[in-house]
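Single-structure report; data block below.
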Amino acid sequence: MSGTVELRNHGRELRHFQLRLAISAGFVLLLFGLLFARFFYLQVSQREHYHTLAEANRISISPIVPNRGLIFDRNGEVLAHNYSAYTLEIMPSKVANLEATINELANVVEIAARDRKRFKKLMGESKQFESLPIRTRLSDVEVARFAANRYRFPGVEIKARLFRQYPKGEGASHVVGYISRINSQDLQQLEASGDSTNYRGSDYIGKIGVEQSYEKELHGITGFEEVETDAAGRAVRVLSRTPPISGNNLKLSLDAKLQEVAEQAFGERRGALVAIDPTSGDVLAFVSKPGFDPNLFVDGIDSENWDLLNNSIDRPLNNRALRGVYPPGSTFKPFMALAGLELKKRTPQYTISDAGFFSLPGSSHRYRDWKVGGHGSVDIHKSLVISCDTYYYGLANDLGIDKIFSFISQFGLGKLTGIDIEGEVSGLLPSQEWKMRRHKQKWYAGDTISVGIGQGYNLTTPLQLAFATAILASNGTAFRPHLVKQVTNSKTGAVRDVVTQPQYTLNFNPENMQRVHNALVDVTRPGGTAARAGAGAAYTFAGKTGTSQVIGMKQGEKYVESKINERHRDHALFIAYAPAEKPKIALAVLVENGGHGGAAAAPIARLVFDYHLLGKLPAGAAAVTADDEEGAHD
Amino acid sequence: MTDSTRLWHYLTRYVDNFLLGGVLLLMLIGLLVLYSATDANLSRVSNQAINMLVALTIMWLVANIPLQHIMRLAVPLYLIGLMLLIGVALFGEIHNGARRWLNIGVTRIQPSELMKLAVPLMMAWYFDKHEVSLRLRDYAVATLLLLLPLFLILRQPDLGTTLLIASSGFYVLFLAGLSWRIIAGLVIAALGSLPVLWSMLHDYQRRRVMTLFDPTQDPLGAGYHTIQSTIAIGSGGVIGKGWQQGTQTHLDFLPEKSTDFIFAVFSEEFGLMGNILLLLLYLVVIGRGMVITANASTQFTRLIAGSITLTFFTYIFVNIGMVVGILPVVGVPLPLISYGGTSMVTMLLGFGILMSIQTHPKLVKT
């Protein structure tokens, strides 16, 4: 009996067991189903997502920096080019003890104190994870020596890089400008303009001059290499390569030889010269003295040199031609004369009797001529040749400020010329509206008088003055002045002219124009204020001297050059063009604290013209000839 | 019959061909994947092949032992294992922050590996002894037999092994008929204790647990493994990138790619199709184990066969679950495929027992 019970129990237990086993099998299938669902989710629903992630893991895109475009002068002389050199670079994020590493490195390659300073400066400016040069331009011996010791320096590498070089050094430095390492400010700008992708891998960017303003042309288009990398970031193989497109080459309108002649003509003096081809707007020479060596900036300037340049009293980094503002002084008079004739306030026959001063009706205040006692009988021709102030005091008063402003601004004074480098300032051609806005004061009749001789509120840059002279020389045709003549597409070879059409044309009475031209030619002839500079010229040489005050003189006080601190002496100015009948070159010269325009500035113009028109090189450095002009003082 | 066929027949008497076939196919896949995962490292692959041969030999030996003998070993094996575990706790060697190894002069052994079989054997033996009248007290004793080694292994610490032994023990309890009410009670108690446990954790421990659920919180630390393995699997798509073509694998983004994460290699290169094939092969082996279990004639054989089969499944589920990112990362290999000899031997020892149960004359109770 008990046997059957046990047997039945056994059978029931077996069924129980099999039920449990079946439940287990269901459990297994359920969980396998769960795994399958997960597979389906990952491999079918989300495949694209994970595929993208896997590719992002695997493929890193490394940029290939394009070669920067070259810069030539108008005759094909090289002003900026690239050369390949080895640099020793440190990845600061990969080096534990920088100081110790650099000390160790100094045993292998020469590392000067200035290299260390520069490196520190770069560290402060650079992005993280960037490789920074501790030494540039390694010699072959140094490269070999480092290669043998490389294992001792993790995070230090030798790289072949393209360097920018400016073979002319200081020559045309303000025009060509320089490139330097991209700093955080540049980076922000690149990001804002949407160019940051094209600068991945680029270390340099144009900072001033043509290098800056034509950055887009010069930089080129960055190429890309798709590299397969492993988890450790090592490149395994190259998957695809989009080659970079080199930057476009620039052909400047500048004549490097003429530029050199002009720069040498300044000698040690400070100043600026801008020479323009009035038939095209080509800037033939663009001088700002002193200059600087742009090569210093390329690898990141060291603090010593920087302090030297930045703290110099001569301010070599200041582009005087572009940004220096000076009262135009008597160089303003030809434009005033033309205004008088064009606006019929003066006839050629009109003569004044100059007693040496001008007074407004009902006022005792005397506006003095530079010549005590005056020039006697003066017509418009003589007023330019001898630079009579009294004539222009009266003319200014008769024209009134509104007419002066609207007429002269046609010559671009008080406005940006639109030259193709950045940083230009607009100077100042005063007007009633300006005075109200700026000084909250109404315009007084007395204000107009000194404006008439280029003083008072008047401020111009040498560039503006040259531009105005070019318009005058071409009888009213204004081409936008430009330093870059042509851009050559590096890929297609296509050449594009920067400026082809005149910006605007002014219509003047040819007779009036001719009268002004004739007077300006006589300025450089015996009896004129620039007679010495014009002596023996083989072409007709039109010019106008000018002097601009640095410090004001009290009523009745006399300007005695020898008694005045050198830096407070007047600036010498000269505008000129030649040959007068069909001008090929128009220029403005400024010599800071040079004194008289005819003595200090005009000879420089003569040297420039002699070279440009005759191909004649100056015998030696420009010598300052004896005084033959007096400046204008009020 | 010729002599050689007779010899062959004699040698394969106790081998279950069905089970052997499944195991060999899985091993073949394992070698192929390993070849790719090790970047065609033939010495690693041949090493693994030797591991497999050793394990297969052991399986054959065990298959030839009648179950009564194996049953007789249950108690001594368990006791030796327990003593060794105590030995580990006292004199064990520390590797990678865990005290798992015991130096017994000749070689180093890992007693927890032995317990993977010794614990279910012991529990099955116990239930077999008390088969006639199973009472609540018997389940309690069996549970104690399970918890004792578990505690020692958890302390080492070795979460993966603890989990596997715990589940192998639970399967014995479950198959032995542990009442549903107690199972439900245990589940509720476990869930109920979670908030209490959570509140006892340190901040950093909680963070670590959170990482297990959301690997993106710690992409370079603990989460890295899961992130990279899910990328590997997901990017494999339906048909996979092709053998030896997995970018995650061959560019070293996958960690532990020849051991615990080898499934990601397989899945990246063979895709959803490969995964389905692999799961089906595993199902074949598990199914055969279930059939053997169902056919087993004694309480001991039934319980041990069921436990071995379900533990084999647990290995697969926990490993793949962790690689596909639905389970926390614990050190559990993918059976028959992950590189390594120890787990291979343990696994095939279990299959040897299954074969022995299936092929030796059944003892039918009268």
Filter segment B:228-245 for residues that are at the interface with chain A (Cβ under 9 Å from one of its Cβ atoms) and touching a residue at least 60 places away in the same chain (Cβ under 8 Å); which is farthest from residue B:322 (Cα to Cα)? B:233
Of the candidates B:276, B:262, B:316, the one satisfying the condition of being closer than 23 Å to residue A:40 by Cα, among the hydrophobic types (A, V, I, L, M, F, W, C), facing chain A (nearest Cβ under 10 Å) and buried (at least 21 other Cβ atoms within 10 Å of the Cβ) is B:316
Selection from segment A:357-387 of residues buried (at least 17 other Cβ atoms within 10 Å of the Cβ) and on the phi > 0 side of the Ramachandran plot yields A:374, A:387
Quick check, is residue A:399 assigned by TED's automatic domain parsing to the domain that holds residue A:455, modelled with pLDDT of 90 or more and crowded, with 22+ Cβ neighbours inside 10 Å? yes
Counted residues, segment A:456-494 - those being in contact with a His (Cβ under 9 Å, 6 or more places away or on another chain) and surrounded by fewer than 24 Cβ atoms within 10 Å (Cβ to Cβ): 1
Counted residues, segment A:200-250 - those being over 16 Å from the mean Cα position of the chain (by Cα) and either closer than 30 Å to residue A:611 by Cα or within 14 Å of chain B (Cβ to nearest Cβ) (or both): 14
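Output the number of residues of segment B:238-255 satisfying the condition of being on the phi < 0 side of the Ramachandran plot and surrounded by fewer than 20 Cβ atoms within 10 Å (Cβ to Cβ). Explain how you work it out, then say what you get.
Residues of segment B:238-255 that are on the phi < 0 side of the Ramachandran plot, as a first pass: B:238-239, B:241, B:243, B:245-251, B:253-255.
So of that shortlist, the ones also surrounded by fewer than 20 Cβ atoms within 10 Å (Cβ to Cβ) come out as B:238-239, B:243, B:245, B:251, B:255.
Residues that pass the stated criteria total 6.
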Kindly indicate which of B:192, B:177 is under 20 Å from residue A:19 (Cβ atoms) and surrounded by fewer than 19 Cβ atoms within 10 Å (Cβ to Cβ). B:177
Search segment A:157-195 for residues being β-branched (Val, Ile, Thr) and part of a helix (DSSP H, G or I), and hand back the single one that is farthest from residue A:146 (Cα to Cα). A:175
Condition check: buried (at least 21 other Cβ atoms within 10 Å of the Cβ), more than 8 Å from chain A (Cβ to nearest Cβ), within 23 Å of residue A:15 (Cα to Cα) and of a type in the set (Phe, Trp, Tyr). Does residue B:300 satisfy that? yes
So, in segment A:455-467, exactly how many residues are in contact with a Gly (Cβ under 7 Å, 6 or more places away or on another chain) and at pLDDT 90 or above? 6
When you check residue A:491 against the structure, is it over 29 Å from the mean Cα position of the chain (by Cα) and either basic (Lys, Arg) or assigned to a strand (DSSP E or B) (or both), yes or no? no
Which residues, taken from segment A:296-331, are at pLDDT below 90 and polar (S, T, N, Q)? A:303, A:305, A:310, A:311, A:312
Can you find a residue in segment B:107-124 that is farther than 30 Å from residue B:28 by Cα, aliphatic (A, V, I, L, M) and either free of Cβ contacts under 8 Å to residues at least 12 places away in the same chain or surrounded by fewer than 18 Cβ atoms within 10 Å (Cβ to Cβ) (or both)? no
Counting only residues in segment A:28-83 that are surrounded by fewer than 18 Cβ atoms within 10 Å (Cβ to Cβ), part of a strand (DSSP E or B) and hydrophobic (A, V, I, L, M, F, W, C), the one farthest from the other protein chains (Cβ to nearest Cβ) is identified as A:78
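The values are calculated or read from the model by the stated rules, or taken from the named source; none is laboratory data. Quantities reported herein were computed from a predicted structural model and do not represent experimental measurements. Note: ideal-geometry Cβ built from the backbone for every residue, glycine included; neighbour counts use all protein chains shown.
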